[in-house]
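Comments concern the structure below.
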Amino acid sequence: MQEVTTKKKEFTPNIVAFCCNWCSYAGADLAGSSRLSYPANVKIIRVPCSCRVNPTFVLKAFQQGADGVILCGCHPGDCHYVTGNYYTRRRMALLFNFLNYMGIEKERTRVEWVSAAEGQRFSAVMNDFVKTITELGENKRLTDLRVKEGE
Amino acid sequence: MKDVELKMLERAKQLLESGEVARVIGWKKGEFYFDPAPASFETVEELGDFVYNGFCGANLSKYLIQASKKEGKTAIFLKPCDSYSFNQLVKEHRIVRENIHVIAIECQGKLDIEKIKAQGISAVTEVEEEGESVTVSSLYGETKLNKAEILLGKCASCKGKTHQVKDEEIILHEMPAPINNRFDEVAKLEAMTEDERFAFWREQLQKCIRCNACRNVCPACSCVKCVFDNPASGIEAKANDDKFEEQLFHIIRAFHVAGRCTDCGECSRVCPQNIPLHLLNRKFIKDIDGLYGEFQAGETDNGKTPLTSYTESDVEPNNALGGEAK
Ligand code: SF4
Ligand code: SF4
Ligand code: SF4
């Protein structure tokens with residue numbers, strides 16, 4: 001059963017980052033090997049292309065407790081499969097708009113293009129996104145009570 | 001209207017008698033005057049139940065998925081809005097065009113029995129339409145009503161009365177123009193704050209009983225295997241303790257038809273809980289129009305959809321909020 005606690009826990013957001021294998025995933029690697037830091041609460045999910053991300057992946061991430069979801073892919077024009085990220089761009093533009101239309105805060109979703117050479121940028125993007133979500137607070141609008149633990 | 005019905009019946013008889021078609025898809029009498037149901041007629045005798053009146057709002061095109069694969073040709077009556085769905089189904093290779101004879105029919109706007117009942121009229125026995133006014137006969141007498149007040153939601157904002165496909169037509173009178181803009185309500189929601197929108201959709205979506213009627217009726221929802229039937233998806237049925245599953249169902253349903261939804265209005269029409277599902281679909285249509293250029297699904301039976309095409313200068317998702325490039 002739930003215990004009543006008066007102490008307020010500091011909020012550390014859960015962030016899910018879908019990273020394309022050919023660019024941002026390697027960018028994350030580079031950030032690591034260059035000793036650039038990005039917050040530990042960013043959970044990276046490697047995908048073969050940003051276009052692999054079905055809208056339900058984003059929803060599922062929120063369901064499982066994510067407070068923010070970010071997609072990272074190759075810069076437009078640089079997709080390993082030539083055009084994948086162009087489709088991602090349309091799909092996510094429509095999805096994010098739609099989520100916002102249903103009242104989900106627009107800051108919770110983001111798309112960024114990060115190449116394999118941009119370790120620095122990867123670190124900056126993640127730090128910025130975590131900061132945004134930390135300020136915004138917990139995701140309460142797209143959660144599933146069946147999934148929430150210990151509450 | 002009676003003359004249109006007679007002409008349709010006559011034509012259906014001819015087609016069946018001559019053996020040109022093996023079946024005709026139309027509407028047959030229900031238990032009451034106001035509940036005709038879609039039906040397939042295979043003999044002239046069966047046509048005894050044939051009907052076409054103000055309550056034939058149902059879109060027949062989806063029945064072709066099975067009918068067009070049967071032996072022999074199928075003739076079908078399509079209203080203007082149904083013809084968009086027809087094209088979309090051809091485009092998605094769901095129906096076999098060569099096996100179908102399309103009869104484009106006149107539509108003066110279809111009526112909503114719930115709206116008539118809401119005026120305090122019960123036991124409706126017949127409805128006579130003359131232009132903008134309607135005479136409703138019931139067991140308790142006659143009432144004259146303004147047609148605009150009892151139109152189905154989808155008909156009040158009808159996309160237009162031009163058929164997108166036809167092999168022949170039965171159009172005897174001029175057809176009326178829509179009485180309101182289909183994006184007005186979407187714009188109203190967009191103008192609200194996030195909190196207000198969240199509250200609005202919570203209130204609407206919690207009414208959902210997950211009967212799946214909106215999915216089953218939708219001509220764009222024609223997958224043989226559907227995620228909503230998959231027990232492992234977590235959304236195969238209504239969960240009794242949370243809000244997520246309701247939202248998820250509606251987000252997935254609307255997104256899956258984005259760029260393919262013709263705005264035929266069937267989902268909202270059949271929802272037993274009166275959830276304004278068209279406001280979800282139209283958000284996608286409005287955003288697609290605003291971000292990628294005007295697009296009407298079902299205008300043609302070939303070509304790409306907005307989600308299966310792109311341009312190099314498309315707007316970035318982070319800058320696309322509100323459905324306009326910022
Ligand atoms: S939407 Fe238009 S064409 Fe379709 S039933 Fe209504 S009035 Fe007729
Ligand atoms: S028809 Fe209405 S009640 Fe039934 S599943 Fe669809 S939205 Fe829910
Ligand atoms: S989503 Fe609704 S309006 Fe769109 S095609 Fe399906 S039934 Fe028609």
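Values in this text are rule-based calculations from the coordinates and carry no lab data. What you see is a predicted model, and the numbers here were worked out from it, not measured in a lab. Here Cβ is always computed from backbone atoms with ideal geometry, including for glycine, and neighbour counts include all displayed protein chains.
Under a 5 Å amide H cut-off, with hydrogens placed 1.01 Å from N, residue B:104 pairs with B:78, B:167, B:168, B:169, B:170 among residues at least 5 apart or on other chains.
The DSSP beta bridges internal to the protein assembly as shown are antiparallel in roughly 45% of cases.
Taking 0.692 mPa s as the viscosity and 37 °C as the temperature, the Stokes-Einstein diffusion coefficient of the protein assembly as shown based on its alpha-carbon Kirkwood radius rounds to 132 µm²/s. Would you mind computing Rg(Cα) / (2.2 N^0.38 Å) for chain B, counting N as its residues? Here the Cα radius of gyration is 1.04 times the empirical estimate. Each of B:77, B:228, A:11, A:96 was scored by other Cβ atoms within 10 Å of its Cβ. Listed from fewest to most, they are A:11, B:228, B:77, A:96.
Counting, for every residue in B:313-319, the Cβ atoms of other protein chains within 10 Å of its Cβ and taking the mean gives 6. Put the Cα centre of segment B:67-86 next to the Cα centre of segment B:242-268 and the gap is 24 Å. Considering every Cα-Cα pair within segment A:46-92, what fraction, in whole percent, is farther apart than 17 Å? That tail contains 32 percent of the Cα-Cα pairs. Note on residue B:207/residue A:43: beta-carbon distance plugged into 1/(1 + (r/R0)^6) with R0 of 30 Å gives a FRET efficiency of 0.30.
My understanding is that a pair violates if its Cα-Cα distance is over 24 Å; which of B:62/B:161; B:91/B:207; B:62/B:238; B:13/B:144 do that in this structure?
Violating the 24 Å limit, Cα to Cα: B:91/B:207; B:62/B:238; B:13/B:144.
Here the calculated FRET efficiency for residue A:78 and residue A:10, from their Cβ-Cβ distance with R0 = 41 Å, stands at 0.60, rounded to the nearest 0.05. Counting Cβ atoms of other protein chains within 10 Å of each residue's Cβ and taking the mean over peptide A:65-72 gives 0.
Remark: segment A:15-142 is approximated by an ellipsoid whose semi-axes, taken from the C-alpha gyration tensor as √(5λ), come to 22, 18, 11 Å, largest first.
Across all Cα atoms of segment B:1-156, the radius of gyration (one decimal) and Dmax (whole number) stand at 16.5, 50 Å. Each Lys and Arg adds +1 at its Cβ and each Asp and Glu adds -1 at its Cβ; summed about the Cα centre, segment A:69-111 shows a dipole of about 100 debye. Can you give the relative contact order of segment B:1-56 as a percent, counting alpha carbon pairs under 8 Å and 6+ residues apart? With pairs under 8 Å counted, the relative contact order is 36 percent. The length gained on full extension between residue B:168 and residue B:18, counted as 0.36 nm times the residue separation minus their Cα-Cα distance, comes to 52.3 nm. From the cross-link list B:69/B:225; B:117/B:154; B:166/B:225; B:225/B:286; B:29/B:286, which pairs have alpha carbons spaced over 26 Å apart? Checking Cα-Cα distances, B:166/B:225; B:225/B:286; B:29/B:286 exceed 26 Å.
Spacing of the modelled spin labels on residue B:135 and residue A:127, each 7 Å from Cα toward Cβ, amounts to 8.0 nm. Relative contact order for chain A: 36 percent, from Cα pairs under 8 Å spaced at least 6 residues apart, divided by residue count. How far apart, in nm, are two points set 7 Å out from the Cα along the Cα-to-Cβ line at residue B:143 and at residue B:296? That separation, rounded to one decimal, is 3.5 nm.
Consider all pairwise Cα distances in segment B:184-325 and report the whole-number % of them above 24 Å.
35
Entry note, chain A: the mean residue ellipticity at 222 nm calculated from DSSP H runs of n ≥ 4, each adding -39500 (n - 2.57), is -11500 deg cm²/dmol after division by the residues and rounding to the nearest 500. Packing, taken as the mean count of other beta carbons within 10 Å per residue, orders the peptides B:178-186, A:64-72, A:103-111, B:145-153 from highest to lowest as A:64-72, A:103-111, B:145-153, B:178-186.
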